[in-house]
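These notes are about the structure you will find just below.
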Amino acid sequence: MTDFPVPAALDGHGPARIVALCNQKGGVGKTTTSVNLAAALAEYGRKVLLVDFDPQGAASAGLGVQSNDLETTVYDLLMRSGVNTKDVIVETQVQGLDLLPANIDLSAAEVQLVGEVARESALARALRTVEDDYDTILIDCQPSLGLLTVNGLVAAHGVLIPLAAEFFAMRGVALLVDTITKVQDRLNPRLTIDAIIPTMYDGRTLHSHEVVERVRDGFGDKVTETMIHRTVKFPDATVAAEPITSYAPNHQGAKAYRELARELIARGVFA
Ligand code: ADP
Ligand code: MG
C-alpha cells in the first residue's frame, strides 16, 4: 500500500473542480463517501461545497442540516429564476465545508425539468456563480440514471463511482459507463471517469476480496488503492448527523476517508 503524502496547503482558493459521485445502485456508499470525503478534504484546508442532489436529502441530514425546514434548496435553483446560489448554500459544522441542501421537493424537478430549455444543464448554471469560491465541489447523485443524474454529469469535470464489494456490484456498471459516455459525446466533452472506489469491503470474507479482484481486472488503475471497509461506525455517524472524521476521528473509517482524500489529491482528481 502506498502511503499517500499529506497535501501541501493551497495558496488561494478556486476555481473548483466539480466531481459527481454516481452509481444508479442504491446503498453502495455514494452519500457516505460524499460526506466523509468532503469532510476529509476540508480537514486538509480545502474549501469544499457538497451538493446534495438526491431528494432523500441524506447528505444534508448526514451533515446535521434539517433540510425539510429550509425555505430554499437546490430545487429552487433549478426551477426558479432570480434565486442566488450563494443564498441557498448553508455552512456546516465542519470548517471549510458548505452544503447546497436538498429535500423531497427535488423529486418534482425530475418531471418539471423535462419541459425546460437546456434541461440537462440546470445544475451547471446554478453552480457557475460559486465555482470560484471553492477548491472542490462534490455532487451526491441520486440512485438513478434519470435527468437529475444527467444534470450532475453535465455540471461535473469528473465522476467518482463508489462500488460495493458485493456479489452484484458489477451489475449495472456497464449501463452507468454507457450513460457517462453519452453525456461526454452529447453534452459535456470534458467529463472523465476519475476513479472507482471500492466500498463496504469486508476483509474477513474471501468473497469481498474476489469482487475487488474482478473490479481491478476490469478497470485497472482507475480503481483506487484505498478501500473503504465495512463498519457499523458509518451508520452510527449518520445517526449522529456528523462525518466520521469528527464523530470518530481516530477510527479506521475516518482514516480511510483521509487516505482516500490524499490518494485522490495525489492522482490530480482534487487540488
Ligand atoms: P448510497 O448513497 O449509495 O445509497 P449510503 O452512503 O447512503 O449509500 O449507504 C447506505 C447505507 O450503508 C447507510 O446506512 C450507510 O450508513 C451504510 N454504509 C455506507 N458505507 C458503509 C460502510 N463502509 N460500512 C458499513 N455501512 C456503510
Ligand atoms: Mg445516497
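The values are calculated or read from the model by the stated rules, or taken from the named source; none is laboratory data. Remember, predicted model here, so these are calculated numbers, not experimental data. Ideal geometry is used to build each Cβ from the backbone, glycine not excepted, and the neighbour counts take in all protein chains shown. Ligands, DNA and RNA are excluded from the accessible area calculation, which covers all protein heavy atoms including side chains. Shrake-Rupley method; radii C 1.70, N 1.55, O 1.52, S 1.80 Å.
In the condition set (1) within 14 Å of ligand 1 (Cβ to nearest atom); (2) open to solvent by 30 Å² or more (accessible area, probe 1.4 Å); (3) without any contact (Cβ under 8 Å) to a residue 60 or more places away in the chain, Ile196 is compliant with all but (2).
Would you check if there is a residue in region 112-125 being in contact with a His (Cβ under 7 Å, 6 or more places away or on another chain) and surrounded by fewer than 22 Cβ atoms within 10 Å (Cβ to Cβ)? No, that holds for no residue. Total residues in region 212-229 satisfying the condition of being in contact with a strand residue (DSSP E or B) (Cβ under 8 Å, 6 or more places away or on another chain) and either within 16 Å of ligand 1 (Cβ to nearest atom) or open to solvent by less than 40 Å² (accessible area, probe 1.4 Å) (or both): the figure is 8.
Taking the criterion of being open to solvent by 10 Å² or more (accessible area, probe 1.4 Å) and within 16 Å of ligand 1 (Cβ to nearest atom), the residues of region 132-154 that qualify are Gln142, Pro143, Ser144, Leu145, Gly146.
For region 22-33, check the following and say yes or no: at least one residue is of a type in the set (Gly, Ala, Ser) and free of Cβ contacts under 8 Å to residues at least 24 places away in the same chain. No, region 22-33 contains no residue that is of a type in the set (Gly, Ala, Ser) and free of Cβ contacts under 8 Å to residues at least 24 places away in the same chain. Looking at region 113-125, can you tell me whether even one residue there is polar (S, T, N, Q) and either assigned to a loop (DSSP other than H, G, I, E, B) or modelled with pLDDT under 95 (or both)? The answer is no; no qualifying residue exists. Contact map, region 38-63: residues that are away from ligand 1 (no atom under 11 Å from the Cβ) paired with residues that are open to solvent by 10 Å² or more (accessible area, probe 1.4 Å) and part of a strand (DSSP E or B), Cβ distance under 7 Å, separation 6+ or inter-chain. Pairs shown: Leu49/Asp98. Asp87 - would you say it is charged (D, E, K, R) and under 22 Å from Gly29 (Cα atoms)? For Asp87, the condition - charged (D, E, K, R) and under 22 Å from Gly29 (Cα atoms) - is not met.
Which is open to solvent by less than 10 Å² (accessible area, probe 1.4 Å) and of a type in the set (Gly, Ala, Ser), of Ser246, Ser208? Being open to solvent by less than 10 Å² (accessible area, probe 1.4 Å) and of a type in the set (Gly, Ala, Ser) holds for just one of Ser246, Ser208, which is Ser208. All of (1) open to solvent by less than 40 Å² (accessible area, probe 1.4 Å); (2) closer than 27 Å to Ser246 by Cα; (3) among the aliphatic types (A, V, I, L, M) hold for Ala108 with one exception: (2).
Residues are listed down the side, and each one gets a yes or a no for (1) closer than 20 Å to Ile265 by Cβ; (2) away from ligand 2 (no atom under 16 Å from the Cβ):
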| position | (1), (2) |
| --- | --- |
| Gly14 | yes, yes |
| Val28 | no, no |
| Asn36 | yes, no |
| Ala40 | yes, yes |
| Gln56 | no, no |
| Asp69 | no, yes |
| Val114 | no, yes |
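Listed residues Ala261, Ala237, Ala266; which is of a type outside the set (Phe, Trp, Tyr) and surrounded by fewer than 18 Cβ atoms within 10 Å (Cβ to Cβ)? Testing whether each residue is of a type outside the set (Phe, Trp, Tyr) and surrounded by fewer than 18 Cβ atoms within 10 Å (Cβ to Cβ) leaves just Ala266. Restricting attention to region 155-180, the residues that are open to solvent by 80 Å² or more (accessible area, probe 1.4 Å) and part of a loop (DSSP other than H, G, I, E, B) total 3.
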